[in-house]
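K.L.:
Have a look at this one.
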Amino acid sequence: MKGTKKRIAGWLAAIAFISTVVGGCGSGSGSGGASPSSSASKPADGEKVTIRFAGIKTFGEDSWTELVKQFEARNPGIHVEVHQLPPPSKSTEIHQYLVTALSSGQNDIDVFTGDVVWVPEFASAGWTEAMDDYVEKDQYYPGVIEALTYQGKLAAIPWYVDGGMLYYRKDLLEKYGRPVPKTWEELVETAKLIKEKEQNPKLEGFLWQGKQAEVLVCDFVEFLTSAGGAIVDENEKSVINSPETIKALSFMKSTLDNGISPKSLLSYDEEPSRTVFTDGNAIFLRNWSYVWDASQDPANSKVAGKVGVAPLPSFEGGKSASTMGGYQFMVAKNAKNKEAAIKFAQFLSSRESQLYYAKKVAFSPTRPAVLEDEELRKESPFLTELADVFNGTVARPVTPKYPQISLKLQATVSAALTGSLSVEKAVEMLDRDIQAILN
């Protein structure tokens, strides 16, 4: 009975979410790999087909209009109906919507954007079409292809890769002769010194994302990995009950307790933390690559020209860790017009489309060749200098059961940060709950 009630609640939540999705229209085309096979559904000659595309909103930008126009102009026989999903900060809601739509067995979605961590789950459930025959794998970063491969099959077409990084106020560090911190301990020391010297009550020391959402898990993975710990091992066994986890979670809580991070951080996902920083009210910020362009825009940033970026610090003796993020394109197994859907996904992953996003919102491409563009090098040298950040990229637990694990992490880590649970009790509960999920 309880299980039934949970399923009904999940469906109702998904239906409520679906009703908020804004529909739009447009189209586009191109090729990012081999041509779709003849076995895919194909319209009769002269017939115009419609494919349904569910795509995220990219941090406030109009995500698809221009590319869809290009695709439709090149493929007049294909019309793309765009359903705008919320931004990645609403990943839990997006995930629920996609699971509900795909598990129904209907073909309401042909192509969709999905978080890299959903690939094993969706592939395991049989909801996605294998893309091995439609992608030139050597044109992408090997690590990305590996992350999108489940049980030997490529389950998605790459779009963009991302990772957590440290933004800092160059002017303030230079003013007080402080180096960019390599350890979390150094970051706290530097933040305390500058806050004391500046005597600005609005100036925060270190911002990260403490909201009970997927981004909290991303931040937690970075702190934990830089302490030498992990959540799940290569055999899909829980290893979270460790001194390293206690160290990482205790540090996260301590930044709130000692005032280096504001209590309001517990309600922050990406954008609220970004706006505080670009308003000039923070020394350090952990966030994704998109913040760079936002911070350099004088029309929207009070710290344009005063911001630096570096790999995230680690604990003493540890290594910098950056949670691998990014959304990818997936073609639904039940796509009505599969050939057209694959062609559209190929176009969105093409060199020119990835270049468009690199220039528009500073998304780091999954095709290395994109970074060779001279105009991009001049306009966004930042993107070509992220090697040190991405060398420390780490994945969230790779398992079809990741969504369940994520929800437990979000709730329990949040409870520890607010003081509802002690750190030690939170770690014990996480170990017990994750073991139960994996078993």
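K.L.:
Once you have the alpha carbon radius of gyration of the range 116-249, what is it after dividing by 2.2 N^0.38 Å, with N set to its residue count? Don't skip to the end; give the middle numbers.
P.N.:
Numbers: Rg = 20.1 Å, N = 134, 2.2 N^0.38 = 14.1 Å.
So the Cα radius of gyration is 1.42 times the expected 2.2 N^0.38 Å.
K.L.:
Quick one: net charge of Gln209's neighbours, Cβ under 12 Å, K/R +1, D/E -1?
P.N.:
Working: positive: Lys211, Arg274, Arg286; negative: Glu214, Asp219, Glu222, Asp269, Glu270, Glu271.
Summing Lys/Arg as +1 and Asp/Glu as -1 gives -3.
K.L.:
Follow-up question, since we're still on this one. Just how many % of Cα pairs in the range 175-221 lie over 18 Å apart, if you round to the nearest whole percent?
P.N.:
That tail contains 44 percent of the Cα-Cα pairs.
K.L.:
Size of the dipole of the chain about the Cα centre, Lys and Arg at +1 and Asp and Glu at -1 on the beta carbon, nothing else charged, in debye to 20?
P.N.:
940 debye
K.L.:
Also, quick follow-up: Pairs Lys175/Lys302; Lys195/Lys425; Lys195/Lys263: which are spaced more than 26 Å apart, C-alpha to C-alpha? Mind showing how you got there, number by number?
P.N.:
Details: Lys175/Lys302 17 Å; Lys195/Lys425 33 Å; Lys195/Lys263 16 Å.
In this structure, Lys195/Lys425 lie more than 26 Å apart at Cα.
K.L.:
Continuing with the same structure: Specify, per residue and in Å³, the volume enclosed by the convex hull of the alpha carbon atoms belonging to the chain.
P.N.:
146 Å³
K.L.:
I need the fraction of alpha carbon pairs in the range 326-439 separated by more than 22 Å, rounded to a whole percent.
P.N.:
59 percent
K.L.:
Trypsin sites (Lys or Arg not before Pro), restricted to the range 124-230: which are DSSP loop and have at most 13 other Cβ atoms within 10 Å?
P.N.:
Lys202
K.L.:
Another question, if that's okay. Using 0.36 nm per residue, how much length does the chain from Ser254 to Glu198 gain when fully extended, once their Cα-Cα distance is taken away?
P.N.:
My answer for the length gained is 18.0 nm.
K.L.:
Can you give the convex hull volume per residue for the Cα atoms of the range 172-276, as a whole number of Å³?
P.N.:
Considering the Cα atoms of the range 172-276, their hull volume per residue is 112 Å³.
K.L.:
Further question on the same structure: Would you calculate the convex hull of the Cα atoms in the range 94-156 and tell me its volume per residue in Å³? Show your work: numbers first, answer last.
P.N.:
Numbers: hull volume 5.5 nm³, N = 63.
Hull volume over Cα atoms, normalised by residue count, gives 88 Å³.
K.L.:
Relative contact order for the chain: what percent, with Cα pairs under 8 Å and sequence separation of 6 or more?
P.N.:
Relative contact order comes out at 24 percent.
K.L.:
Right, here's the next one. Can you spot the lysines whose alpha carbon is less than 21 Å from Lys319's alpha carbon? Ignore those fewer than 8 places along the same chain.
P.N.:
Lys182, Lys247, Lys253
K.L.:
Using DSSP to define loop residues, name the GluC sites (Glu not before Pro) in the range 316-371 whose beta-carbon has at most 16 other beta-carbon atoms within 10 Å. Present the calculation step by step, with values, prior to reporting the outcome.
P.N.:
Details: sites: Glu316, Glu339, Glu352; in loops: Glu316.
Here the GluC sites (Glu not before Pro) that fit, given the DSSP loop and packing criteria, are Glu316.
K.L.:
Treat the count of other C-beta atoms within 10 Å as a stand-in for reagent exposure and order Val303, Val119, Val215 from fewest to most.
P.N.:
Val303, Val119, Val215
K.L.:
Another question about this same structure. Straight-line reach from Lys48: which lysines have a Cα under 16 Å away, not including same-chain ones fewer than 8 places off?
P.N.:
Qualifying lysines at Cα under 16 Å: Lys69, Lys336, Lys338, Lys343.
K.L.:
Sort Arg396, Arg178 so that the residue with the fewest other Cβ atoms within 10 Å of its own Cβ comes first and the one with the most comes last.
P.N.:
With the sparsest Cβ surroundings first, the list reads Arg178, Arg396.
K.L.:
Which of the aspartates and glutamates could be linked to Lys333 by a straight reach, that is with a Cα gap under 15 Å, when you skip same-chain ones fewer than 8 residues away?
P.N.:
Asp108, Asp110, Glu121, Glu129, Asp132, Asp133
K.L.:
Under 5 Å between amide hydrogens, which residues at least 5 positions from Thr393 or on another chain qualify, with H placed 1.01 Å from N in the peptide plane?
P.N.:
HN-HN under 5 Å from Thr393: Ser322.
K.L.:
What distance in nm separates the simple spin-label points at Lys237 and Ala436, each placed 7 Å from Cα in the Cβ direction?
P.N.:
2.1 nm
K.L.:
Further, regarding this structure: Taking amide H positions as placed in the peptide plane 1.01 Å from N, state which residues far from Tyr268 in sequence (5 or more) or on other chains have amide H under 5 Å from it.
P.N.:
Gly210, Lys211
K.L.:
Arrange the following residues from fewest to most other Cβ atoms within 10 Å of their Cβ: Val331, Val82.
P.N.:
Val82, Val331
The numbers here are math on the coordinates, done by the rules we state, and not lab data. Model, not experiment: these values are computed from the prediction. Virtual Cβ from ideal backbone geometry, glycine too; neighbours counted across all protein chains shown.
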